Amino acid sequence: MFGTEAFWVNESELKKEDHLIKILAPPQTDLFCALDGTIVDNAPLYGVEIEGDCVIEAKVSFTKSGHYDGAGLVLYGDRRHWAKTCLEATDFGKIAVISVITNEVSDDANGPHITQDSIWLRLVRKGNDCSIHYSLDGTNYEMHRICRVNLPHKIMAALIAQAPIGYGGYCTFEEIKIEQITVENIRSGV
């Protein structure tokens, strides 16, 4: 779990319990760079600084209060260069694995619909390539996406709690793992 080296971008309420972390997603908080140039970057990020290739994983769940609420993982270079994956409440009335890749502006991709309350997410960096994976059991991972992100050498690997239009709530993170490693196969994430 995180030690004294952990830090915030947009500090929020943090609860540490035995083997998990809970982060409050305040109302109207998000991380997104819209096509019209509008940047919303007030979602709480809690993580560590890491250099070069890395992997961040966690089991995530969240309290739903509105569309786009979610708990997830971020590789954060700066406010215009980052990769995010979340378990998120979509505007289609489903819970899904989503990803947002930001190279100046954000794209937005919904993945598979999830019927469980929690899942495992994995975000991998290998150079400027990133891959996003999810698991329903913490063992067998499926690839959601592979993409390119223009990240600096030193980034923040972080947990994110967001509630863009809802009243907010707690996001729960368990089995958190952050490693400075180079994976052999970015498509499999290992």
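Read-outs: derived from the displayed coordinates by stated rules, not from any lab. None of these values were measured; they are calculated from a predicted model. Note: ideal-geometry Cβ built from the backbone for every residue, glycine included; neighbour counts use all protein chains shown.
How big is the chain by Rg and Dmax over its Cα atoms, in Å?
14.7, 43
List the lysines whose Cα lies under 21 Å from the Cα of K94, skipping any in the same chain that are fewer than 8 positions away.
K59, K64, K84
If packing is taken as the average count of other Cβ atoms within 10 Å, what order do 149-159, 76-86 fall into, highest mean first?
76-86, 149-159
Just want to confirm a number: the relative contact order over the chain, from Cα pairs under 8 angstrom separated by 6+ residues, in percent.
So the answer I get is 32 percent.
Provide the FRET efficiency to the nearest 0.05 for the D53-Y167 pair, computing r from the beta carbons and using R0 = 35 Å. All intermediate terms of the calculation are to be shown ahead of the outcome.
Values: r = 38 Å, r/R0 = 1.09.
Rounded to the nearest 0.05, the efficiency is 0.40.
Any chance you could list P(r) for the stretch 148-190, counting all Cα-Cα pairs in 10 angstrom bins from zero, rounded to whole %?
The calculated distribution, bin by bin, is 17, 38, 32, 13, 0.
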